[in-house]
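Taking it in order: structure first as structure tokens, then the write-up.
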Amino acid sequence: MPKILVTGANGQLGNEIRMIVSNYLNFDFIFTDIDELDITKFSDIQNFYSDNKFDYIINCAAYTNVDKAENDTINAQNINANAVKNLAEISCQYQLPLIHISTDYVFDGESNIQYTEDAETHPQSVYGITKLKGEEFAKNAYRYFIIRTSWLYSSFGQNFVKTMLRLGKEEDEINVVYDQIGSPTYAADLAVTVLEIALQTFNTSEKNLSGVYHFSNEGYCSWSEFASEIMTVSKLNCKVNPVLSESYPTIAKRPKYSLLDKSKIKETFGIKIPFWKDSLKNCLLKMNENI
């Protein structure tokens, strides 16, 4: 049975993939994180391949602490870029397709129209710079599928939704920025898309399918609108006050506009993408069931 290596398996996306593998019985999955496999070390990947002979790579590993990355450049570079270089080399050596997850932070956020896959990149943070470098390395793989996503959340790990739920229970009102616009992405929806792409591309060697793709949930909102919807659906009596980004300074610069055009991924792979409010409800329902 073909084996798919999933790196970064303890993160939001890795955990969501783990939840749906029973729907893909034609694959065997190997889930790894830093304790099982250090992808920043080429020799470790080489040895892991010798022992496991996997056939496909899904790289969910990433350094995602955007603010911390500003002063932790070496680690961000190692995980977001150098590790991808290693995986791409293994991909070439053994002719293994590679799915790599990237981010809207490769753009500067100064656009006023949706970003297509070939739009000019201009990252404004160490996180964005290292993720873009990772994309460049991924393009050296035998076959590659780079999926840029945005505003990722899940019932796993730490994320904006969980932070809002906590604050909504602790505070009567909170301030959230309204001048940053994007599309929330439920990691469970991204997980389905990733495995559908793996399924469709495993037995084909069509080079023209390799490329960069965009995925987020349909629709768009500001962070304050996102927070308000979280409070409404969760029935939390916490007022969300929209404020300017200047009122909430962060160490790293965030894109003010990061809507991703998803036409390519929908047309190429027949992906159906849920509306962000529907996916948020599904996530919150799942989290309530786990309480």
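Computed from the coordinates by the stated procedures, all read-outs in this text should not be read as laboratory data. Everything quoted here is computed from the prediction, not taken from an experiment. Cβ sites come from the backbone with ideal geometry, for glycine too, and all protein chains shown count toward neighbours.
Points to keep in mind about this one:
- Once backbone amide H atoms are built at 1.01 Å from N, residue 181 has 257, 258 as its partners under 5 Å, excluding neighbours fewer than 5 places away on the same chain.
- Within a Gaussian network of the chain (alpha carbon springs, distance under 10 Å), most fluctuating of 62, 81, 119: 119
- Of all DSSP beta bridges confined to the chain, the antiparallel ones make up roughly 5%.
- On Cα atoms only, tilt of 187-201 relative to the major axis of the chain in degrees: 30 degrees
- Sequence-separation-based contact order of the stretch 91-198, relative, with Cα cut under 8 Å and 6+ spacing, percent: 30 percent
- Mean-position separation - Cα centroids, the stretch 227-252 and the stretch 60-107, in angstrom: 30 Å
- Listed residues 57, 45, 129, most fluctuating in the chain (Gaussian network, C-alpha, under 10 Å): 45
- For the stretch 79-132, applying the loop criterion from DSSP together with a ceiling of 14 other beta carbons within 10 Å to the GluC sites (Glu not before Pro) yields 110, 120.
- If R0 is 45 Å, the Cβ-Cβ spacing of residue 25 and residue 117 corresponds to a FRET efficiency of close to 0.90.
- Interchain or long-range residues, amide H under 5 Å from residue 261's placed H: 115, 116
- Rounded FRET efficiency, nearest 0.05, which uses the C-beta distance separating residue 41 from residue 203 and R0 of 41 Å: 0.85
- Protection-proxy order for peptides 247-253, 66-72, each taking the mean of Cβ atoms within 10 Å per residue, highest first: 66-72, 247-253
- Sequence-separation-based contact order of the stretch 32-144, relative, with Cα cut under 8 Å and 6+ spacing, percent: 33 percent
- Rounded to the nearest 10 degrees, the angle from helix 160-170 to the longest Cα principal axis of the chain is 30 degrees.
- Cβ-based charge dipole, the stretch 182-260, positive-most Cα from 232, 260, 245: 245
- Most mobile listed residue (163, 40, 116) in the chain, GNM with C-alpha springs under 10 Å: 163
- The ranking of 38, 172 by Cβ neighbour count inside 10 Å, starting from the fewest, reads 172, 38.
- Correct option for percent of Cα pairs over 35 Å apart [calculated from the coordinates] among [x] 9; [y] 16; [z] 38: [y]
- Degrees, to the nearest 10: 126-138 long Cα axis against longest axis of the chain: 30 degrees
- Rounded to the nearest 500, the helix-only mean residue ellipticity at 222 nm of the chain stands at -11500 deg cm²/dmol, with each DSSP H run of n ≥ 4 adding -39,500 (n - 2.57).
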